[in-house]
Amino acid sequence: MSPTWQRRAVLLLCSLFTFGSYFAYDSVGAIETSLLPALSMGREAVGILYSVYSVAAVVSVPLGGILIDRFGARRASLLFSALVTTGAALVGYSRGFGSMCLGRFVFGCGSESLVVAQNAILARWFAGRRLAFVLGLALALSRLGTILSFNTEARIAAGLGFRAALHGATVLCAFCLLANLAYSALEVRAVATGTGPAPTVPEVGTASEEDPGGRDTGRHFGLHRFPAAFWLLSVLCTVFYSSIFPFTALSTDLFHEKWGLPLALSSGGGFWASIGDNVLGMFITAPGTSSLIMLASLFLAPAAGYLMDRTGWRTGPMLLGALLLVPSFLLLAFTRLPPALPMLLLAIAFVLVPATIWPAVPRMVPASRVGTAYGLMTMMQNLGLAVMTWANGKLRDTTHSYVVSLMLFAALGAVGVVCAVLLRRTWRSH
């Protein structure tokens, strides 16, 4: 296999790592109208299921980053993929809310660390080779899992029951584990033939840039080497994702309740024909409208990454993306304009910010600390998600409205604007 085709195979297989986990992550939100009656619980339960996932990520991702840097992303990613599949299966086979939370915890322990491993692998294979475009392309394929989840799971749950929808998510996670195994075999062969990327895991007792004497300094995290720009980037990442994902988790209910959008389209052509109709009619259903953000990312994230690689423009898109959050959420809170308009603004933000945040990390930290850096950033992101997903469901049950939640998301966008401005000044000063 030529080096070019080898890298293409790596990109395809690595992109598939997280396709199933993205699908499974939003399954509980996509089927909330079927799930909540079965659990005899309110909307706070969906927020808790998302929060348990994020708590697991907060606990596990720093360790995942260390495992990646210490033992290599390939080995670590296999462990994370196995945890994802196991957790998804536990959720599907659970017989109560407590066991479902346990499954989401196991799922969260693997899923976010798997994203970190995916980014670390691609950063090694494509260093200096349009990394932003590559990460954008991988993200786009992952987001396809979210889009399919929002546009198929509700119909599967309505036709076959909510457990069938959850079992379908497990099958996809297992398929992605197979893709990971295929990548592992590819990398082993590439390293053996001398066509793979250079290893970043230092030999025991050898010198490195961080530890010239070859001794363990006891500061494996290397936090003292992470610049102020990295921490600003991490805070921006946290507030941005803490507004987008908690919103989409319960947005199906918002669009159905406030705008009267249907949860699914009826079809006289049978079950699978109905699934196809719901995918094609995603612009006029509540779950489909929720997935518009991810749909834009699917098509535009690679293009945005390509543009960043060509121009080197990074802080500008971050600032614009954070700015767009504020009017988007306020329009949803206080107007009855068609929701597609503010969702379009959110979609643009969701293309710009991730396309610039993740490729910026390898430019800020030493190569041997990329896994740890991605792990720290993902930990902070999920700490925010753990709080905001629970708060969103709690506020909805308490106020019987989404206005307060949407105002809170707009405030997070304002914090992101401040971070982007400070980051822009920090980079210019260097």
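The values are calculated or read from the model by the stated rules, or taken from the named source; none is laboratory data. In this text the structure is predicted, and so the values were computed from the model without any measurement. Because the Cβ atoms are built from the backbone with ideal geometry, glycine has one as well, and the counts that use them run over all protein chains shown. Each accessible area value is taken on the protein alone, full model and side chains, heavy atoms only, with ligands, DNA and RNA left out. Shrake-Rupley method; radii C 1.70, N 1.55, O 1.52, S 1.80 Å.
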* Asked: Could you say whether any residue in the stretch 104-112 is closer than 22 Å to Ala169 by Cβ, of a type in the set (D, E, K, R) and not in a helix (DSSP H, G or I)?
  -> no
* Asked: Looking at Leu344, Leu383, which is the one that is touching a residue at least 40 places away in the same chain (Cβ under 8 Å), within 20 Å of Val115 (Cβ to Cβ) and open to solvent by 50 Å² or more (accessible area, probe 1.4 Å)?
  -> Leu383
* Asked: If Ser401 passes every condition in (1) farther than 22 Å from Thr289 by Cα; (2) modelled with pLDDT of 85 or more but one, which one does it miss?
  -> (1)
* Structure fact -> Counted residues in the stretch 108-142 being surrounded by fewer than 24 Cβ atoms within 10 Å (Cβ to Cβ), touching a residue at least 40 places away in the same chain (Cβ under 8 Å), closer than 18 Å to Thr4 by Cβ and not aromatic (Phe, Trp, Tyr) come to 6
* Quickly run through the stretch 223-258 and pick out the residues that are of a type outside the set (Phe, Trp, Tyr), in a helix (DSSP H, G or I) and over 24 Å from Leu295 (Cβ atoms). => Leu223, His224, Arg225, Ala228, Ala229, Leu232, Leu233, Ser234, Val235, Thr238
* Structure fact -> The helices (runs of 4 or more DSSP H) lying entirely within the stretch 4-66 that contain at least 2 residues which are touching a residue at least 60 places away in the same chain (Cβ under 8 Å) and open to solvent by 10 Å² or more (accessible area, probe 1.4 Å) are 19-25, 32-39
* Exactly one condition in (1) within 18 Å of Leu35 (Cβ to Cβ); (2) surrounded by fewer than 24 Cβ atoms within 10 Å (Cβ to Cβ) is not met by Arg189; state its number. => (1)
* How many residues are within 21 Å of Glu44 (Cα to Cα) and either surrounded by fewer than 22 Cβ atoms within 10 Å (Cβ to Cβ) or modelled with pLDDT of 85 or more (or both) if we restrict to the stretch 264-286? -> 0
